[in-house]
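What follows draws every value from the coordinates through simple rules; no lab data is involved. Values in this document were obtained by computation on a predicted structure and should not be read as measured data. Don't worry about glycine lacking a Cβ; one is built from the backbone with ideal geometry, like all the others, and counts go over all protein chains shown.
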Amino acid sequence: MSKYQIETRCVQSGWHPKKGEPRVLPIYQSTTFKYDTSDQMGRLFDLEDSGYFYTRLQNPTNDAVAEKICELEGGVAAMLTSSGQAANYYAVFNICEAGDHMVCSSAVYGGTFNLFSATVKKQGIECTFIDPDASAEEIAAAFRPNTKVLFAETIANPALVVLDIEKFASVAHEHGVPLIIDNTFPTPINCRPIEWGADIVTHSTTKYMDGHATSVGGCIVDSGNFDWDKYAEKYPGLTQPDPTYHGIVYTQKFGKGAYITKATAQIMRDLGSIQSPQNAFLLNVGLETLHLRVARHCENASKVAEFLNSHDKVAWVNYAGLSENKYHALAEKYMPNGTCGVISFGLKGGRDVSVGFMDKLQMIAIVTHVADARTCVLHPASHTHRQMTDEQLVEAGVAPDLIRLSVGIENAEDIIGDLAQALEHI
Ligand SMILES: *Cc1c(COP(=O)(O)O)cnc(C)c1O
């Protein structure tokens, strides 16, 4: 499908039925797959033939959806995972082991921060966090001889920092390590990090890709561009024999498919965070309208950001689409068609006023989610970061008055109307 534009890929990529097969991607609701001879099955277990045998390893519904996301991002291979958390964990753990080190932007999703600061640490992988706005030299200073990964988000959730992808890619490649980018917020509709030098792209498909708040899921896409053999001593898992598959060497046997094959055949086999075929089906339905929805989210968010920015009860607005925003120039470069539908803002009077405002909203709901069709709000200081004092919140980069607003695809005037009436009441 690579000769087609991105909108056509959203609709058509992935499932290609042959004569008499279902037009719509079927849900292969089967744990297992049938073979005629013992030898046929044996060859699958040796990775000598490709084919389905057990859904923990591969399932046709999931593979069709992974292929669609792969084509949207411009990669060579992809896999679905049960959640965005699993995608980010597997993406790193596929090439890092105990004794290794990674470098990560400090402006990342809270779950990702916990994963890399605490959980992978217990497995012997150390992470240094760096300011994404730091210079290339400052970022380079965090690298060590055992650094294996540089990780960042295209648009950070919830800080809304826009990443200078080329700066990150050049620091990573000067040190012979791949750049992994979590591209959840812009989606490949607005930004394709591989085109700017990223090696591996991850997603929480739970957000805009699913788009309807029905299914938790994740995805990993490999560009196939990183030369693992050039740094063979750093990535033995890909370049040395795997004793659990009779000593095959992933880079020798699978070439550009090495990274995703290893992630599937080894990490998914052993850790097992698969996406259910049911959820993959729902994700695919979401992907068919991704290009329409993302454009509408951005259009609505721009109108809402302008409204809030000119309201006298609003203290500040953070949205890279606003021309005075600190990240506007980076957004123009990497995402000329728009950034995402998420805005953060604060109200004059601080924390209590923010809480009072949210309680007055009528259509806009208070939920722990972002990036689905319905407009919603969250007050991190009262919800996700509830246990922290105001001083701790400021240290964590979450202002006590910060309201995270995820602008949906309703009528923009109705969204603004609801915000306006709630502002009147405070
Ligand atoms: C939500 C989110 C995640 C985690 O994804 P889940 O699907 O909730 O596990 C990771 N990264 C970003 C940027 C997210 O917004």
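Of note:
- Listed by Cβ neighbour count within 10 Å, with the fewest neighbours leading, SER38, SER82 appear as SER38, SER82.
- Relative contact order of region 109-262, taken over Cα pairs closer than 8 Å and 6 or more residues apart, is 13 percent.
- Cross-link table LYS68/LYS121; LYS121/LYS256; LYS207/LYS303, entries beyond 27 Å C-alpha to C-alpha: LYS68/LYS121; LYS121/LYS256
- Region 186-230, dipole about Cα centre (Lys/Arg Cβ +1, Asp/Glu Cβ -1), debye to the nearest 20: 200
- Student exercise, the chain dipole from Lys, Arg, Asp, Glu Cβ charges, in Debye to nearest 20: 800
- The average projected area of region 67-209, computed from the convex hull of its Cα atoms over all directions, is 7.6 nm².
- Region 401-426 and region 246-288: distance between their alpha carbon centers, rounded to Å: 40
- Listing VAL11, VAL294 from fewest to most neighbouring C-beta atoms within 10 Å gives VAL11, VAL294.
- Low-density loop cleavage sites - GluC sites (Glu not before Pro) in region 297-339, where at most 10 other Cβ are within 10 Å (DSSP): GLU324
- Whichever aspartates and glutamates have a C-alpha closer than 16 Å to that of LYS253, once near sequence neighbours (fewer than 8 apart) are set aside: ASP46, GLU48, ASP49, ASP227, ASP229, ASP242
- Prolate/oblate/rounded label for region 1-123 (Cα gyration tensor, a/c 1.5): oblate
- Note on LYS122: aspartates and glutamates with a C-alpha under 19 Å away, same-chain residues under 8 apart excluded, are GLU97, ASP100, ASP270.
- Estimated [θ] at 222 nm from DSSP helical runs (n ≥ 4, -39500 (n - 2.57)) normalised by residues in the chain, nearest 500: -9000 deg cm²/dmol
- Rounded to the nearest 10 degrees, the inclination of helix 290-309 to the longest alpha-carbon principal axis of the chain is 30 degrees.
- The lysines within cross-link reach of LYS360, meaning a Cα-to-Cα straight distance under 17 Å and a gap of 8 or more places when in the same chain, are LYS313, LYS348.
- Relative contact order %, region 267-393, counting alpha carbon pairs below 8 Å whose residues are six or more apart: 17
- The alpha carbon gyration tensor of region 152-294 gives principal lengths a ≥ b ≥ c with a/c of 1.5 or higher and a/b no greater than b/c, which makes the shape oblate.
- With contacts taken as Cα pairs under 8 Å at a separation of at least 6 residues, the chain carries a relative contact order of 16 percent.
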